[in-house]
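The values are calculated or read from the model by the stated rules, or taken from the named source; none is laboratory data. Since the structure is predicted, the reported quantities are computational estimates derived from the model, not experimental observations. Cβ atoms come from the backbone with ideal geometry, glycine included; neighbour counts cover every protein chain shown.
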Amino acid sequence: MANKIIKSNNAPAPIGPYSQAVLAGNTLYCSGQVGIDPATGKLNDPDLETETTQVMENLKAILIEAGLEFKDVVKTSIFLKDMNDFTEVNQIYGRYFIEAPPARETVQVAGLPLDVNVEISLIAVRD
């Protein structure tokens, strides 16, 4: 079965040579998303809550385009510029995973694209 490239107009266009997501069989591999507002193409980062919410909404748009939901997510990776932001990002992230949250790791990194505060990627599986 050939891989299918997933592209949502409701999530920001890639800023490099990669796809928003790739559906390989029943598994969706979603590239890391940052807080870019797809309507403006600009960072939506007046504060950490707004930026993190935009990241999650971008992921949601890609999931929807692939015919999936947050309940289908089995693994996420959270990259933070500052681990002191963990509690606030975790609280916002938790709003999207009400039951049976996926496996994940959260790490602090030396830098992120566009100097954002948070980037999140995910893997989802269609039943």
Can you tell me which residue among A21, A39 is touching a Phe, Trp or Tyr at 6+ places or on another chain (Cβ under 7 Å) and of a type outside the set (S, T, N, Q)?
A21
For L43, are the conditions met, namely being among the hydrophobic types (A, V, I, L, M, F, W, C), touching a residue at least 24 places away in the same chain (Cβ under 8 Å) and more than 26 Å from K7 (Cβ to Cβ)?
no
Could you check the range 9-38 and list, in sequence order, the residues that are small (G, A, S) and under 21 Å from F79 (Cβ atoms)?
A11, A13, G16, S19, A21, S31, G32, G35
With T87, T106, T40 as the choices, which residue is polar (S, T, N, Q) and under 14 Å from the mean Cα position of the chain (by Cα)?
T106
(1) exposed (fewer than 15 other Cβ atoms within 10 Å of the Cβ); (2) touching a Lys or Arg at 6+ places or on another chain (Cβ under 9 Å) all hold for A66 apart from (1)
Conditions (1) surrounded by fewer than 18 Cβ atoms within 10 Å (Cβ to Cβ); (2) of a type in the set (V, I, T); (3) more than 27 Å from I5 (Cβ to Cβ): number failed by V89:
(1)
Among what's in the range 101-127 and is of a type in the set (A, V, I, L, M) and assigned to a strand (DSSP E or B), pick the residue that is farthest from T87 (Cα to Cα).
V125
Could you run through the range 16-58 and say how many residues are surrounded by fewer than 17 Cβ atoms within 10 Å (Cβ to Cβ), among the β-branched types (V, I, T), in contact with a strand residue (DSSP E or B) (Cβ under 8 Å, 6 or more places away or on another chain) and more than 16 Å from E69 (Cα to Cα)?
0
Would you pick out the residues in the range 99-114 that are touching a residue at least 24 places away in the same chain (Cβ under 8 Å) and over 14 Å from V55 (Cα atoms)?
E99, A100, P102, A103, R104, E105, T106, V107, Q108, V109, G111
Is it true that some residue in the range 100-116 is crowded, with 18+ Cβ neighbours inside 10 Å, more than 22 Å from N3 (Cβ to Cβ), touching a helix residue (DSSP H, G or I) at 6+ places or on another chain (Cβ under 8 Å) and at pLDDT 95 or above?
yes
